Amino acid sequence: MTMLPTIQSLHVRPVLAPMLRPLRTASGAIPAAPLVLIDVQTDQDVIGRAYIFCYTPLVLKPLCMFLTDLAGQIVGQPVAPADRYLDLSRTFRLLGRQGLVGMALSGLDMALWDALGRAADRPVAELLGGTVRPVPAYDSFGLVDPVADRAMLEASVDAGFRAIKIKIGERSAAEDAAMVRAVRDIIGPDVQLMVDLNQSQSATEAIRRVERLAAYDLTWVEEPVAAEDLEGHARVRAASPVPVQTGENWWFPSDMAHAVAARACDLAMPDLMKIGGITGWLRAMALAEAASLPLSSHLFIEASAHTLAVSPTCHFLEYLDMAGAVLAEPVRPVGGMVTARGPGLGMAWDEDAVARFVVD
């Protein structure tokens with residue numbers, strides 16, 4: 001009988017990873033990705049790896065300090081993600097698991113699954129009962145200028161992407177409509193087009209804007225109102241001619257269950273860093289199947305390729321490369337599809353790059 005590896009130590013490093021395509025949103029620009037790299041050392045000479053995307057460099061230091069202190073809760077324990085998920089959930093029951101706590105717990109969960117896969121020399125998708133397979137991906141853009149960014153949009157289509165997402169909501173309704181119309185003209189009628197309002201509107205204004213944009217054959221409108229405003233999402237959904245997508249800001253499967261009960265969306269997009277890592281995703285994908293919700297990923301392309309491969313209602317993987325600059329072999333789509341790699345989650349750090357981009 002093979003014994004599970006035991007956690008020996010936890011090592012974290014903060015980096016600012018340059019992005020090939022800096023992200024512009026209605027909430028501000030992200031020129032480089034602030035990441036916390038997680039390494040879980042085990043007694044079987046296996047290291048489990050994962051990363052956390054911090055959105056802002058302001059939380060790199062506190063998140064690293066918290067994870068370092070959290071090591072005492074897991075060192076000496078078996079690499080058993082479901083057990084550690086339950087233990088740590090109990091530890092923080094009174095405080096709650098949102099924010100930095102949830103990010104840390106989810107990141108640790110992903111690193112533990114990676115360690116399990118590496119110990120077994122198998123991709124995580126196989127440990128989850130599935131097989132490695134290509135998953136449909138869409139190319140994720142921020143705010144775009146149809147003139148200045150035309151070449152990038154055309155290159156995306158030429159690379160084989162059959163779906164593209166752009167962010168809107170920073171400008172007036174008329175300017176947003178003009179941008180969406182121009183992008184539709186560039187990518188043509190056969191490429192799916194999604195728009196993301198990034199929580200920028202009231203329900204009333206979102207309804208007005210979506211009605212105006214529906215003529216451009218949109219696959220979905222994402223987060224039209226504040227993520228926690230489930231009633232507002234339900235109002236938009238009831239009035240919208242375009243399917244409503246949300247979920248990247250659900251904290252753990254309980255948040256998803258509340259959104260499903262509120263009839264807040266037509267489509268679901270959990271984020272591995274907020275939904276509870278891979279263990280949380282497994283519970284979220286069951287909720288999606290029960291509610292007949294097509295399931296897409298948010299960020300974390302390396303791990304999402306594994307979890308979507310076993311999700312019954314798999315829809316799209318969001319291709320937005322946050323960590324490629326610090327990976328030895330960044331994930332690249334082929335023909336608009338992304339295929340998981342192994343063993344584990346298939347990630348190895350480019351240590352020279354990490355040394356260049358580490359934050360002191």
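The values are calculated or read from the model by the stated rules, or taken from the named source; none is laboratory data. Predicted model only: the values in this text are computed from it and were never measured. Heads up, the Cβs are rebuilt from the backbone with ideal geometry, glycines too, and the neighbour counts pull from every protein chain shown. Note: accessible area is taken over every heavy atom of the protein model, side chains too, but ligands, DNA and RNA are not part of it. Shrake-Rupley method; radii C 1.70, N 1.55, O 1.52, S 1.80 Å.
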Residue pairs meeting the criteria (Cβ under 8 Å; at least 6 apart or on separate chains; first basic (Lys, Arg), in segment 77-91; second open to solvent by less than 30 Å² (accessible area, probe 1.4 Å)): ARG84/ILE74; ARG84/LEU108; ARG84/ASP109; ARG84/LEU112
Any chance VAL180 is more than 26 Å from SER292 (Cβ to Cβ) and either open to solvent by less than 40 Å² (accessible area, probe 1.4 Å) or in contact with a Phe, Trp or Tyr (Cβ under 9 Å, 6 or more places away or on another chain) (or both): yes
Residue among LEU116, LEU112, LEU128, LEU94 that is within 22 Å of the chain's Cα centre (by Cα) and either under 15 Å from MET273 (Cα atoms) or free of Cβ contacts under 8 Å to residues at least 60 places away in the same chain (or both): LEU112
For ALA215: the one exception among (1) in contact (Cβ under 8 Å) with a residue 60 or more places away in the chain; (2) more than 19 Å from the chain's Cα centre (by Cα): (1)
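Matching residues to (1) touching a Ser or Thr at 6+ places or on another chain (Cβ under 7 Å); (2) at pLDDT 95 or above; (3) outside any helix (DSSP H, G or I); (4) surrounded by 23 or more Cβ atoms within 10 Å (Cβ to Cβ):
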position: MET285; (1), (2), (3), (4): yes, yes, no, yes
position: ALA305; (1), (2), (3), (4): yes, yes, no, yes
position: LEU308; (1), (2), (3), (4): yes, yes, no, yes
position: ALA325; (1), (2), (3), (4): no, yes, no, no
position: VAL338; (1), (2), (3), (4): no, yes, yes, yes
position: ARG341; (1), (2), (3), (4): no, yes, yes, no
position: ASP352; (1), (2), (3), (4): no, yes, no, no
position: ARG356; (1), (2), (3), (4): no, yes, no, no
position: ASP360; (1), (2), (3), (4): no, no, yes, no
Set GLU126, GLU170: member being open to solvent by 20 Å² or more (accessible area, probe 1.4 Å), charged (D, E, K, R) and either in contact with a Phe, Trp or Tyr (Cβ under 8 Å, 6 or more places away or on another chain) or at pLDDT below 95 (or both): GLU170
Filtered residue count, segment 48-66, keeping only those that are surrounded by fewer than 20 Cβ atoms within 10 Å (Cβ to Cβ) and touching a residue at least 12 places away in the same chain (Cβ under 8 Å): 7
